[in-house]
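I have placed the structure first, in the form of structure tokens, so that the comments after it can refer back to it.
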Amino acid sequence: DAGVIQSPRHEVTEMGQEVTLRCKPISGHDYLFWYRQTMMRGLELLIYFNNNVPIDDSGMPEDRFSAKMPNASFSTLKIQPSEPRDSAVYFCASSFAWGTEAFFGQGTRLTVV
Amino acid sequence: GNSVTQMEGPVTLSEEAFLTINCTYTATGYPSLFWYVQYPGEGLQLLLKATKADDKGSNKGFEATYRKETTSFHLEKGSVQVSDSAVYFCAPVNCPTGNQFYFGTGTSLTVIP
């Protein structure tokens, strides 16, 4: 397996634009996580899914953020409208089962200008 | 809120020095415990793990022992190398609130020659 695949690796967008980040988890993994990493706040869990169902979205900062997982092999994190304070590295991770290792993607570096 | 307390960084050590990064967690029951490492410009990757009390996880010269009585999982290495420079994250999983990995800000380690 190629591991968790995220796209794009880098995204630069203007304030107010819609941004969509994509993630392909490892095949067979039941859990998918979205994280945001900044210098100030570290690595924050935004939302996680189990079998494509959102379980905990309490970390999603605002209504401008939404995440979907239409099937077991694809998830998106959307920001609409984007703001400069959304600039961060966004990571997707997946794990096989409860309490097992999470595998991380390479991340998407988002810059909102 | 977070369920892990990790030693504040940054930490700077000379090559071949002894390393300890403290980690304590809050949980009911028996979480699995993980240490992840993030090298510059990369995603997180698993360093070691322990799934039950008194287990010792080890990898690449790093060790950590699951201490249920002190709810700790301190990371140690007897002789660090320049290549160990990275950010280290302690993460308990299967805490009361679910299967989330809470990572926080991590501990930045710089090893100088």
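All of the numbers you see were taken from the coordinates with simple rules; none came from a lab. A quick note: this is a predicted structure, and the numbers were derived from the prediction, not measured. As a convention, Cβ positions derive from the backbone with ideal geometry for all residues, glycine included, and neighbour counts pool all protein chains shown.
Please name which of B:I112, A:P54, B:N59 has its Cα lying farthest along the dipole of the protein assembly as shown towards the positive end, using unit charges on Cβ (Lys, Arg +1; Asp, Glu -1) and the Cα centre as origin. The residue sitting most towards the positive pole is A:P54. Peptide B:101-112 shows a mean partner chain C-beta count of 3 within 10 Å per residue C-beta.
Note on A:Y48, B:Y39, B:Y25: ascending count of other Cβ atoms within 10 Å places them as B:Y39, B:Y25, A:Y48, the fewest first. Building the convex hull from the alpha-carbon atoms of the protein assembly as shown and averaging its projection over directions returns 12.1 nm². Considering only B:S83, B:L33, A:G28, and ranking their Cα positions along the charge dipole of the protein assembly as shown that arises from unit charges at the beta-carbon of Lys, Arg, Asp and Glu, the one farthest toward the positive end is A:G28. Give me the count of lysine pairs in chain B whose alpha carbons sit under 15 angstrom apart, restricted to pairs 8 or more positions apart or on different chains. Number of lysine pairs found: 7. Counting only residues at least eight positions apart within a chain, or on another chain, the lysines with an alpha carbon under 21 Å from that of A:K78 are A:K24, A:K68.
On the principal axes of its alpha-carbon atoms, region A:39-88 has extents of 31, 22, 17 Å, going from largest to smallest.
Taking amide H positions as modeled 1.01 Å from N, with prolines and chain starts lacking one, the residues under 5 Å from A:D56 and 5 or more places away or on another chain are A:Y48.
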